[in-house]
Amino acid sequence: MQPQIIHGIFLPKKFFITTGVATSSVSPLNAFDAALVKAGIAQCNLVNVSSILPPDAELVESVPITPGTITFTVMARMDGAPGETIGAGIGWAWAKSEEEKYGFVAEAHGYKDKEAINRELKWKLHEMAEIRKMKLEKIEMHSESMEVPKGKYGCVIVALVYVPWTEIEARRIVEAKLSLLQKTFSI
């Protein structure tokens, strides 16, 4: 008998990749904030999550998100001081076994250039598949790096952002669960 699959209240259907590379003469935090602005997600309440893509999630173009929205993301971030080379990246791939198919996301960051970041991402994704006894399909990556200028703090971010549900999607799911509860408990 197949076990019942349980879906949480939030199972993302769409995601996008965004990046921000920025500097500040004030502080590393201000460099991070500026990188978020460049990435287009500074207005969000970001929640870092682990690295699994739902089976039917799809990559879309960046979308505007209402300020204050709780927004789930897998983020790679690297802060740096003057003269340092810093990099960050996200890699993702679909994996499959005989029983299932879903995706993995890996993040990498460090005092590294884009080439080193991409190499690390490939290693991580391959190991994620190996320990689950799954085979990877096409690997995709996005990375950024910079040399922090003199007199500045630097920050590089790359984020996989799960698109929040629209009001219609959220209402549909809540109504379906309420209907199921009513039938189950004869409410």
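The values are calculated or read from the model by the stated rules, or taken from the named source; none is laboratory data. All values reported here derive from a predicted model rather than from experimental measurement. Here Cβ is always computed from backbone atoms with ideal geometry, including for glycine, and neighbour counts include all displayed protein chains.
Looking at G103, is it touching a Gly at 6+ places or on another chain (Cβ under 8 Å) and at pLDDT 95 or above?
When the stated conditions are applied, G103 does not pass them.
Scan E99, E115 and give me the residue that is without any contact (Cβ under 8 Å) to a residue 40 or more places away in the chain, out of contact with any helix residue (DSSP H, G or I) (no Cβ under 9 Å at 6 or more places or on another chain) and farther than 20 Å from H142 by Cβ.
E99
Going by the structure shown, is I65 surrounded by 14 or more Cβ atoms within 10 Å (Cβ to Cβ) and part of a loop (DSSP other than H, G, I, E, B)?
So I65 fits the description; yes.
Given the conditions (1) more than 12 Å from the chain's Cα centre (by Cα); (2) over 27 Å from Y111 (Cα atoms); (3) of a type outside the set (A, V, I, L, M, F, W, C), and given that G83 satisfies all but one, which numbered condition is not satisfied?
Result: G83 fails condition (2) only.
Could you tell me whether any residue of the stretch 148-158 is outside any loop (DSSP other than H, G, I, E, B), closer than 30 Å to E99 by Cβ and modelled with pLDDT of 95 or more?
Within the stretch 148-158, not a single residue is outside any loop (DSSP other than H, G, I, E, B), closer than 30 Å to E99 by Cβ and modelled with pLDDT of 95 or more.
So the check is Cβ under 9 Å with 6+ separation or different chains; which pairs have a first residue in the stretch 36-62 that's touching a residue at least 12 places away in the same chain (Cβ under 8 Å) and a second one that's of a type in the set (G, A, S) and surrounded by fewer than 14 Cβ atoms within 10 Å (Cβ to Cβ)?
Sorted first by the residue in the stretch 36-62, then by its partner, the pairs are A39/S62; G40/S62; I41/S62; Q43/G68; C44/G68; N45/G68.
Suppose the filter is hydrophobic (A, V, I, L, M, F, W, C), modelled with pLDDT under 95 and more than 17 Å from F32 (Cα to Cα); does L178 pass it? Don't jump to the end; show me each part of the working.
Numbers: hydrophobic (A, V, I, L, M, F, W, C): yes; modelled with pLDDT under 95: yes; more than 17 Å from F32 (Cα to Cα): yes.
Yes; evaluated as a whole, the condition is true for this residue.
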